[in-house]
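First up is the structure itself, then whatever we jot down about it.
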Amino acid sequence: MTINKNLHSIVADEYDTIRENIEFASFENNYRSIMITSPTYGEGKSITTANLAISLAQNSKKVLIIDANIRNPSIHQIFKIKNTIGLTNVLIGQKALEETLNQTEFGRIGVVTSGPIPNNSEKLFRSVLLEQLLDKAKELYDYVLIDVPPVLEENDSKIMASLCDGVILVVRNGKTEDALALEAKKSLVMVHANLLGVILNGKRTNPILRKLKI
């Protein structure tokens, strides 16, 4: 998984287009917390989250990434930071959000890693502490991007979707079956998620994503 740092690459241009769509939607509707998910594993949602955060940060926005994929986290690997304390510590009341913030090499991007794996993540995600964390994060950052498990794999994603201002669904060209994409969308609609759009990932060999419809 590679973060895109080339400001003039085709990939950067693609993310800039997506960023502009998100910022426009946010201006009109104040969308600040955005969950990013996929139908199944291997769609590229985590690297999409990271690259989208970079595009926002390069446009002078403060961005917090929260890794809520607590059974299979990867954000800490992408940004090469430790995952000793994180989201789960906040959700059990052990740490405050500020105590779990990690600074990245990109000055405007902070990361809250997943933290230790709990016995019952669904119970944690139904905690009032999660809502308080998201509210606090929006006080500190312009945008909060939440990387969650695939929506067809874990109930955690459905719970989180109902708490976020918007949801982006990532699908991979040549991998995601149409039936799974439709099932994922249906699952999000059932929990009254605000689906902002779909990113088609891997359309060509170079661009990581191709389009976002909002």
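Each label point was placed 7 Å from the Cα along the Cα-to-Cβ direction; for Glu183 and Ser162 their separation is 2.2 nm.
Listed by Cβ neighbour count within 10 Å, with the fewest neighbours leading, Thr37, Thr100, Thr49 appear as Thr100, Thr49, Thr37.
Distant-in-sequence amide contacts of Arg172, defined by a placed amide H-H separation under 5 Å and a gap of 5 or more residues or a different chain, comprise Asn201.
With contacts taken as Cα pairs under 8 Å at a separation of at least 6 residues, the chain carries a relative contact order of 28 percent. Computed about the Cα centre, the dipole magnitude for the stretch 145-196 is approximately 140 debye when only Lys and Arg (+1) and Asp and Glu (-1) carry charge, each at its Cβ. Pairs from the list Lys158/Lys186; Lys80/Lys185; Lys80/Lys158; Lys45/Lys175; Lys95/Lys138 with a Cα-Cα gap above 21 Å: Lys80/Lys185; Lys80/Lys158.
With both bridge residues required to lie in the chain, what share of the DSSP beta bridges run antiparallel, to the nearest 5%? Among the beta bridges of the chain, antiparallel pairing accounts for roughly 15 percent. Each principal axis of the chain carries a Cα extent, and these read 44, 38, 33 Å when sorted largest first.
Gain on full extension, evaluated as 0.36 nm per residue between Glu28 and Val191 minus their Cα-Cα distance, stands at 56.4 nm.
Ordering Ser38, Ser33 by the number of other Cβ atoms within 10 Å of each residue's own Cβ, fewest first, gives Ser33, Ser38.
Counting Lys and Arg as +1 and Asp and Glu as -1 over every other residue whose Cβ lies under 12 Å from the Cβ of Met190, the net charge comes to +2.
Here, each number is a calculation from the coordinates, and none is a lab measurement. No experiment lies behind these values; they were computed from the predicted model shown. Backbone-built Cβ (ideal geometry, glycine too); neighbour counts: all protein chains shown.
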